[in-house]
Structures are given as structure tokens and as C-alpha cells.
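Scroll down for the structure; my scribbles are underneath it.
Please treat every number below as a calculation from the coordinates, not as lab data. Just so it is clear, the model here is predicted, and its values are computed rather than measured. So basically every Cβ, Gly included, is an ideal-geometry build from the backbone, and we count neighbours across all protein chains shown.
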Amino acid sequence: MPGILTRRLSPDDLRKRLNQAVGPYITKLPAGKVAKITDAFGEAAVQAKTIGFDMVQVHGDRMCGSFSSSLFNHRTDGYGGGPTHRARFAVEAVSAIRRRLPDLPIDYKLAVRMEDPHYGNAGILVSELPVFLPMLERAGVTSFHVALADHSALTDTIPPANHPYFSSQGCFLPFCDAVRAITDLPICAVGGLNDPNFIEAQLQDGRMDCAAMSRQLIADPEWPNKVMGGRVDTIRHCVRCNQACLGGLMAHQGVHCIYERKN
């Protein structure tokens, strides 16, 4: 924090240092502490239910994803090793919720790590999905939100239009296809989605059951109303420049959109 306050470190420098610290932290956590953390997911869900939430999402891209990743998790106990053991943290977290709330929908942010080329450091490989997905389903997951794993460059998980690999709309849909081949649970897709016709085609093809978007709703919060009202031609489409949204976030200036400058 002194480095940030004195501007010797940029927010991006801090992020890189935090990412480098994930592996040692995950690997060295005492097993008793790990169990307390996974149990706390259940208590958190109870609080969410009490104040009126209809569902919860277990974010499989933070501690769950870090424990799941062979790049970060070098433990030699029951929480580390092969994919079955690396899935234990996430399974325990979901199970803790399900024990307390038998009927609450549980969405799981499924972070997929990619190789050849390498993108993402947390999460799991596509080849590990057949191990992880059935375990998560049995634990109580009712839907999956599928995206690229994090703990790498933010411009990979929130890719701009000029990204060298994830430049196309629906850039993470191939991960959804891999998940769909294993599970019948609902799948939520994300990744540069902004065109109603494209999204509708993916829904009809069964590649996803729900479309998630953030930058597009920052560019035009009326997107859903315009689609439902037949005013598609009036949509302000996100151009995925990342200048004022991600850029504003990283500069601690708030999340905005370049369209605001034009109004």
C-alpha cells in the first residue's frame, strides 16, 4: 500500500504482485483454515438469502479457482495434487451452501484456463472439465457461468476488440461448448456479447441459456428494453475499447464509458 500511495507502484504493478503471491498463499494455508473458509461460504449464503437474494454465485475464479489450478496449487494434502483433490475446495464451498439452503439456486463461475496459447492462471483446463463438473453438480451447483480464468492480464478476461486471440464477439463460447458436452445444467455465456441477433442465434443453437454482459450495459443500460421493444437500431453498441470502463477502474476514477464524453 505505501508503494501505491506514493505512486512507486501502479495499480497494474500491484495486481501483478498479488497474482504472484497467490500460489504460495494457497499452497501454505493450513488445512484447518481452509475448512473454515469453505464453511464460511454457507454462512455468507444464509445472509444473502436473509436479505432477499434469490440465488448466489460461487466465484470459481478467486480462491476456488486458485485451489483448482495446477499452476497455483502445489499442496500435497487432500486439497492438492490431481484434479479430484484440487476440486475439493470448490466442492466444499458449494456443499456448505447446500447443507444450509437445500433449495437455493447456486450458480458457479466456472473459470477455464487455456493453453496453446496460454491464457489465464486460475481455474481448470478443458481436459479437466469431466472431473470437475460432475463433482460440482453433486455438491449442489444448479448452473454454470463460463469464462476465461483470471489472475493474469485483465485485458485477457475483459478482452478489447483488438485482443490477439479473444477479439470476436462471444469469444469465450468455445468454453461453453466444452461444458455443454458434459452437463445439461443451464450455461451462462460472457465475452464481448452485444449484438441481439448473434446472441439469439447462440441461444437457439443451445450453446448458452443466458447471456451476461457488463461493458455493453455500461455503454447502453437500455439494451434489454430496446431489444424487447423492437428498437434494436437505436442500441449504442460497446466497441470494446476498455478506455473508460476498465481504464477508469484501474485508474481509480470510477467505471464510465467513452459515450459519456460524446453527450
Checklist entry - Looking at the range 102-155, which GluC sites (Glu not before Pro) are in a loop (DSSP not H, G, I, E or B) and have at most 15 other Cβ atoms within 10 Å? => result Glu115
Item to check | Distance (nanometres) between label positions extended 7 Å along Cα→Cβ at Met250 and Thr27 | outcome: 2.8 nm
Checklist outcome for this item: Correct response: the longest run of the chain lacking exposed trypsin sites (Lys or Arg not before Pro), defined by DSSP loop and at most 14 other Cβ within 10 Å, is 9-230
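Starting from the Kirkwood Rh over alpha-carbon pairs, what translational D in µm² s⁻¹ does the chain have by Stokes-Einstein at 37 °C and 0.692 mPa s?
Using the Kirkwood radius from Cα pairs, D works out to 167 µm²/s.
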Checklist outcome for this item: Taking r as the C-beta separation of Asp209 and Gln169 and R0 as 22 Å, the FRET efficiency to the nearest 0.05 is 0.80
Item to check | Rounded FRET efficiency, nearest 0.05, which uses the C-beta distance separating Ile182 from Asp39 and R0 of 30 Å | outcome: 0.60
Item to check | Anchor Lys36: lysines whose Cα lies under 18 Å away (excluding residues fewer than 8 positions away in-chain) | outcome: Lys28
Item to check | Estimated vicinal HN-Hα couplings, Hz - the range 48-53 in sequence order (Karplus 6.51, -1.76, 1.60; Gly, Pro = x) | outcome: 4, 5, 4, 8, x, 6
Item to check | Lys/Arg +1, Asp/Glu -1 at C-beta; the chain dipole; positive extreme among Ala251, Leu203, Thr50 | outcome: Ala251
Checklist entry - Under the Karplus relation 6.51 cos²θ - 1.76 cosθ + 1.60, θ = phi - 60°, what is the ordered set of whole-Hz ³J(HN,Hα) values for the range 89-100, x standing for Gly and Pro? => result 4, 5, 4, 5, 5, 5, 4, 5, 6, 5, 4, 7
Next on the checklist: Given Cβ point charges of +1 (Lys, Arg) and -1 (Asp, Glu) and nothing else, what value in debye, to the nearest 20, does the dipole of the range 81-198 about its Cα centre take?
Outcome noted: 480 debye
Item to check | Dipole magnitude of the chain, debye to nearest 20 (Cβ charges: Lys/Arg +1, Asp/Glu -1, about Cα centre) | outcome: 940 debye
Checklist entry - Calculated FRET efficiency, Thr142 and Arg7, Cβ-Cβ r, R0 41 Å, to nearest 0.05? => result 0.35
Checklist entry - Cα centroids of the range 180-221 and the range 75-116: how far apart, whole angstrom? => result 24 Å
Item to check | 5 angstrom amide H check on His163, placed H, neighbours 5+ away | outcome: none
Checklist entry - Once phi is turned into ³J(HN,Hα) by the Karplus curve 6.51 cos²θ - 1.76 cosθ + 1.60 with θ = phi - 60°, what whole-Hz value does each residue of the range 204-217 show in order, with x for glycine and proline? => result 5, 7, x, 6, 8, 10, 8, 10, 9, 8, 10, 4, 5, 6
Item to check | Largest-first principal axis extents, alpha carbons of the range 216-263, Å | outcome: 37, 17, 16
Next on the checklist: Could you give the length gained by full extension between Glu260 and Arg99, i.e. 0.36 nm per residue of separation minus their alpha carbon distance, to one decimal place?
Outcome noted: 53.4 nm
Checklist entry - What's the Cα-based Rg to Rh of the range 114-263, Rh via Kirkwood? => result 0.99
